[in-house]
Amino acid sequence: MNLFEYVRPASLAEAIAAGAAPGAAFLAGGTNLLDLMKGGIARPSRLVDLTRLPGLGAIERGPEGGVRIGALVRNADLAHDPDFAQRFPAVAEALLSGASAQLRNAATVGGNLMQRTRCAYFYDPASACNKRDAGAGCAARGGERRLAAVLGASEQCIATHASDFCVPLAALDAVVEIAGAAGTREVALEDFHLLPGATPERESVLAPGELILAVRLPAAAAAFARHARYLKLRERTSYAFAVVSAAAALRIEAGAIVEGRIALGGVAAKPWRARGAEAVLSGQKPERALFRRAAEAALAEARPVGDNGFKIELARRIVARALALAAAGTPARLPALPASPFAPVPGGPHG
Amino acid sequence: MPQVSLTVNGKRHTVEVETRTLLVELLREKLGLTGTHVGCDTSQCGACVVHVDGTSVKSCTFLAVQADGASVTTIEGLAAADGTLHPMQAAFREHHALQCGFCTPGMVMSAIDLVNSHKERMSEAEIRHGLEGNLCRCTGYHNIVKAVAAAQEVMHGRAQAAE
């Protein structure tokens, strides 16, 4: 790890000023950044430790029933907050699907949004990577592409975003509160992460010095609490990043879906909201054939890279299965243990 | 160099460190507490787990400067002064929950946090899920799960400690 200057700002204004300097990086839980520094992938000249800033560590219920989650709330504390888990069960389930207990104890809400891709070529300083070194080329393009993106990729980058947490947040219209030298602003979580295009080194809308204050979920997101699930397929049954994952949330009244929400993980450089698939669900009776049609719509634009076409069909199946689990109802015990992609689907055979 | 003041196993220390010094390096190299192991050094294996202010963290992915002002507990801080083992340590011995022992300090520290944060009796599946951040290459995990299942009864006052 390189040597660096360590600063611990006492106020938001100090943090923003310290973080705007070239070479500076913000530190919260450090679960991703320190690994990148140990591998020589990140070499910040200054770390700005945000963890002692006041006012960023609360989970606050809004007056109209939404929730505001401070950027420094630990993943474990959020997942195990009883009120939060009850009202936003798919978000708690996604949090518990990620990393391991010790990492969730350290990792923060803001840091989760800012985590870097797990593309193996990004992590290998000897490989060309446009994300790590703009203009260097993409070794993944001609390399091992099994886990590469199938939606929104570009010639310059085929990496995916690794977060579980962000997937239900995208489905539930979360909003990110951002602070910078010019004041505060808000961005929909769906628009927070950028597709790679020609500039894969730019991963989010944050400018230098800007930092995340909080993530908000609107009151409307809690209306899905009775039918909301997160389902993650990995190459082993625990402690791995998603091959593909899906969040599904339904509002069901009098036997029909009033509104459905779907987002996918592991398929693109950002959590992927599938609005076309949501439109398929509206007004329909929740049943297996409908869920498969929605899944087809969710992946309609997907394109394989090299030999990873299997991810597209796996993603369809995970979407259909997440919808079936959501229709069957949120588990009584919250937060739920992460759903198994191998368990029987309620009301149907394996699919 | 920055100074870090922290309490480790009840004892206060003030130590000079480089900014890049990891908590596990501070514990092992500055304080001589070598019970905390380094396995993978990439926050995967869990051999380095310690408690910082009561919750388990991977000390290989935690800067020493981040622990400034914190209270840290390592495997050396679990047993009583007279040598009486912590119920989790006693359960690991009773159920033969180790073979080579390399993962054991991290496994015990993780298991204690897991039980502390689950007042209701955990099922076998919950214990297995709860230990997903700790790798053991010897035991196949079965006896570790049995030990944690037994220790949760003692730690929550539902059963007597193993002799």
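Of all the options A:Leu33, A:Leu53, A:Leu172, the one that moves most in a Gaussian network model of chain A with Cα springs shorter than 10 angstrom is A:Leu53.
Dipole magnitude for the protein assembly as shown: computed about the Cα centre from +1 point charges on Lys and Arg Cβ and -1 point charges on Asp and Glu Cβ, it is near 1060 debye. The stretch B:29-107 and the stretch A:242-283 have their alpha-carbon centroids 42 Å apart. Shape class for the protein assembly as shown, computed from the alpha carbon gyration tensor (a ≥ b ≥ c): oblate, with a/c not under 1.5 and a/b at or below b/c. Just check the stretch B:80-121 against the gyration tensor rule for me: Cα atoms, a ≥ b ≥ c as the square roots of the eigenvalues, rounded for a/c under 1.5, and otherwise prolate or oblate depending on whether a/b exceeds b/c. Verdict is oblate for the stretch B:80-121.
I'd like the projected area of the stretch A:225-328, averaged over all directions, using the convex hull of its alpha carbons. Report it in nm² with one decimal. One quarter of the hull surface, i.e. the mean projection, equals 6.6 nm². When the Cα positions of A:Ala242, A:Leu299, A:Ala268 are compared along the charge dipole of the stretch A:225-328, A:Ala242 comes out farthest toward the positive end, with charges on each C-beta of Lys, Arg, Asp and Glu.
Restricting the trypsin sites (Lys or Arg not before Pro) of the stretch B:27-120 to loop positions (DSSP other than H, G, I, E, B) with no more than 12 neighbouring Cβ atoms within 10 Å leaves B:Lys119. Counting only the Cα atoms, the stretch B:3-77 fills a convex hull of 73 Å³ per residue. Send over the Kirkwood Rh of the stretch A:28-133, from the inverse of the averaged 1/r over different Cα pairs, rounded to one decimal Å. Here the Kirkwood hydrodynamic radius works out to 15.4 Å. Within the listed set B:Gln152, B:Gln66, B:Gln44, the Gaussian network model of chain B (springs between alpha-carbon atoms below 10 Å) gives the highest mean-square fluctuation for B:Gln66.
Here the relative contact order of the stretch A:1-52, from alpha carbon pairs under 8 Å that lie six or more residues apart, stands at 54 percent. Taking the C-alpha atoms only, the angle from helix A:288-298 to the longest principal axis of chain A is near 30 degrees.
As a length-normalised measure over Cα pairs under 8 Å and 6 or more apart, the relative contact order of chain B settles at 23 percent.
GNM remark for chain B: springs join alpha carbons under 10 Å apart, and the peak mean-square fluctuation among B:Ala80, B:Ala97, B:Ala70 falls on B:Ala80. Using a Förster distance of 51 Å, how high is the FRET efficiency between A:Ala20 and B:His96, based on the Cβ-Cβ distance and rounded to 0.05? That gives a FRET efficiency of 0.35. Based on C-alpha pairs under 8 angstrom that are at least 6 apart in sequence, chain A has a relative contact order of 18 percent.
Distances between every pair of Cα atoms in the stretch A:1-52, grouped in 5 Å steps from 0 to the bin holding the largest one, split as 5, 24, 31, 24, 13, 4, 0 percent.
Computed from the coordinates by the stated procedures, all read-outs in this text should not be read as laboratory data. The shown structure was predicted, so the numbers you read here are calculated from the model rather than taken from an experiment. With ideal geometry, Cβ positions are generated from the backbone for all residues, glycine too; neighbour counts draw on all protein chains shown.
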